[in-house]
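S.K.: The structure's right below; bear with me while I get my questions together.
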Amino acid sequence: MLKENEEQENLNEVKKKKGRRSKNYFAETEEKAVVDYLSATTFDEKNKIYNKHLRDPLDKMISSIIRRYKLYRKDMNFDEIHVDTHSFLMTKIDKFKPSKGKKAYSYFGTICKNYLMGQIMKDQKETNRKIPYEDISSNLEHTPDMIYYIDHEEVTTEEIIQKFLVKLKVLIDNEKITIEENRLGQAIQDLLENYSTRFPDSTNNKFNKNVILFELREMTNLSTKEIRNSMKKFKKIYTEIIQDILNE
């Protein structure tokens, strides 16, 4: 079923794009439309902005994400997956904060990817089937270097993140690190500073760790092996923070 969906949609895409170049379907006009949509005070205003400026670009974005990352769901055809994802995205659009200076396109893309990956994992659990995770993204290896646990009940995750960010910025700004380590450090900083919006509504730790690795690969263009090797200094910072907390 999944293979047939993929082959059918790839064939349709080739037919539609043959002889023409792809266009930038989510640019400054659409970014402004998102701001206008969020500031609109009536349903009619929002609906007008959505239909004129956002519906088609969001449709194209979702289609691209499904095809590019092969995020097909069992027993659902492409149109059903697309409609379901678009509907979910619209329930999250009001959580985007333009004041933070981030791009709506990046936020929307992250919401869609995380939702689709979460639904696929949910489908797998419900059918008691285990499909290799590389079918969703790539082979994200579950090694000790990639796993951490938070056991200290008196300290919140937010507090640990803030302590980590302070030391992370010092490392990036003042220490001699490789290009790969710098690239990874900048990506980790962006993820942690926007943790609540990039990973909304998910309390599944295993899911979060998989998604984080997926996002790091996308943001840095580093392989899993390169991320693992470059992660050592950042893991050391985390270990030091936890040790300091335990000694308090």
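The values are calculated or read from the model by the stated rules, or taken from the named source; none is laboratory data. What you see is a predicted model, and the numbers here were worked out from it, not measured in a lab. Note: ideal-geometry Cβ built from the backbone for every residue, glycine included; neighbour counts use all protein chains shown.
S.K.: Could you tell me which residue of region 91-100 is surrounded by the most Cβ atoms within 10 Å (Cβ to Cβ), considering only residues that are part of a helix (DSSP H, G or I) and touching a residue at least 60 places away in the same chain (Cβ under 8 Å)?
M.R.: Looking at residues that are part of a helix (DSSP H, G or I) and touching a residue at least 60 places away in the same chain (Cβ under 8 Å), I get LYS92.
S.K.: For ASP56, only one of the following conditions fails: (1) in contact (Cβ under 8 Å) with a residue 24 or more places away in the chain; (2) in contact with a helix residue (DSSP H, G or I) (Cβ under 9 Å, 6 or more places away or on another chain); (3) in a helix (DSSP H, G or I); (4) surrounded by fewer than 14 Cβ atoms within 10 Å (Cβ to Cβ). What is its number?
M.R.: Only one criterion in (1) in contact (Cβ under 8 Å) with a residue 24 or more places away in the chain; (2) in contact with a helix residue (DSSP H, G or I) (Cβ under 9 Å, 6 or more places away or on another chain); (3) in a helix (DSSP H, G or I); (4) surrounded by fewer than 14 Cβ atoms within 10 Å (Cβ to Cβ) is unmet by ASP56, namely (2).
S.K.: Could you please find all residues in region 77-87 being of a type outside the set (Asp, Glu) and surrounded by fewer than 17 Cβ atoms within 10 Å (Cβ to Cβ)?
M.R.: First, the residues of region 77-87 that are of a type outside the set (Asp, Glu): 77-78, 81-83, 85-87.
If the condition is that a residue be of a type outside the set (Asp, Glu) and surrounded by fewer than 17 Cβ atoms within 10 Å (Cβ to Cβ), then ASN77, VAL83, HIS86, SER87 are the ones that fit.
S.K.: Right, next: Does region 59-90 hold any residues that are in a loop (DSSP other than H, G, I, E, B) and either within 20 Å of SER106 (Cβ to Cβ) or of a type in the set (Lys, Arg) (or both), and which are they?
M.R.: Step one: of region 59-90, the residues in a loop (DSSP other than H, G, I, E, B) are 69-77.
Correct list: TYR69, LYS70, LEU71, ARG73, LYS74.
S.K.: Only one of these is of a type in the set (Gly, Ala, Ser), modelled with pLDDT of 95 or more and either out of contact with any strand residue (DSSP E or B) (no Cβ under 8 Å at 6 or more places or on another chain) or closer than 26 Å to LEU191 by Cβ (or both): ALA40, ALA33, ALA104. Name it. Break it down stepwise before answering.
M.R.: Numbers: ALA40 fails: modelled with pLDDT of 95 or more; ALA104 fails: modelled with pLDDT of 95 or more.
Going through ALA40, ALA33, ALA104 in turn, the sole match is ALA33.
S.K.: I would also like to ask the following. Please determine whether any residue of region 7-14 is modelled with pLDDT of 80 or more, within 18 Å of THR85 (Cα to Cα) and in the same structural domain as PRO98 (by TED's automatic domain parsing). Let's see the steps before the verdict.
M.R.: Our first condition is that a residue be modelled with pLDDT of 80 or more; within region 7-14, this holds for none.
Checking region 7-14: not a single residue is modelled with pLDDT of 80 or more, within 18 Å of THR85 (Cα to Cα) and in the same structural domain as PRO98 (by TED's automatic domain parsing).
S.K.: Same structure again: Within region 172-197, work out how many residues are farther than 14 Å from THR157 by Cβ, within 13 Å of the chain's Cα centre (by Cα) and at pLDDT below 85.
M.R.: The total comes to 2.
S.K.: Which of the following residues is outside the structural domain of PHE214 (by TED's automatic domain parsing), surrounded by 13 or more Cβ atoms within 10 Å (Cβ to Cβ) and under 21 Å from LYS46 (Cβ atoms): LYS74, LYS103, LYS113, LYS122?
M.R.: Values: LYS74 fails: under 21 Å from LYS46 (Cβ atoms); LYS113 fails: under 21 Å from LYS46 (Cβ atoms); LYS122 fails: under 21 Å from LYS46 (Cβ atoms).
LYS103 is the lone residue from the list that is outside the structural domain of PHE214 (by TED's automatic domain parsing), surrounded by 13 or more Cβ atoms within 10 Å (Cβ to Cβ) and under 21 Å from LYS46 (Cβ atoms).
S.K.: For region 30-48, which residues satisfy the criterion of being surrounded by 19 or more Cβ atoms within 10 Å (Cβ to Cβ) and β-branched (Val, Ile, Thr)?
M.R.: Matches in region 30-48: VAL34 only.
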